[in-house]
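Peer 1: Take a look at this one; I'll ask things after.
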Amino acid sequence: MERVSFKNRDIDVAATLHVPDGFDETGRHPALVIATPGSSVKEQIGANYAARLAARGFIALTFDPS
């Protein structure tokens, strides 16, 4: 798990990147973006899904919607 950020117009959006064990940057991997509902944050439900997806070989990015 790695903390990352990206811009949404003028807002810096905090995100968490989950990668599978043995991740190789030079390879190709299936990826998903998980936006949590308005009543949740990326460290709650999104993190649970992302960790399980990463364990199955996916890259998963979770973030709090701006």
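The numbers here are math on the coordinates, done by the rules we state, and not lab data. Just so it is clear, the structure is predicted and the values come from calculations on it, not from any experiment. All Cβ positions, glycine included, derive from the backbone under ideal geometry; neighbour counts span all protein chains shown.
Peer 1: With charges set only on the Cβ (+1 for Lys and Arg, -1 for Asp and Glu), what does the dipole of the range 2-63 come to about its Cα centre, in debye to the nearest 20?
Peer 2: With Lys and Arg at +1 and Asp and Glu at -1, about 200 debye.
Peer 1: Could you tell me which label, among (1) 11.3, 36; (2) 13.7, 44; (3) 11.9, 36, carries the value of Rg and Dmax of the Cα atoms in Å calculated for this structure?
Peer 2: (3)
Peer 1: Here's a follow-up. How far apart, in nanometres, would the label points at residue 35 and residue 23 be if each is projected 7 angstrom from Cα along the Cα-to-Cβ direction?
Peer 2: That separation, rounded to one decimal, is 2.2 nm.
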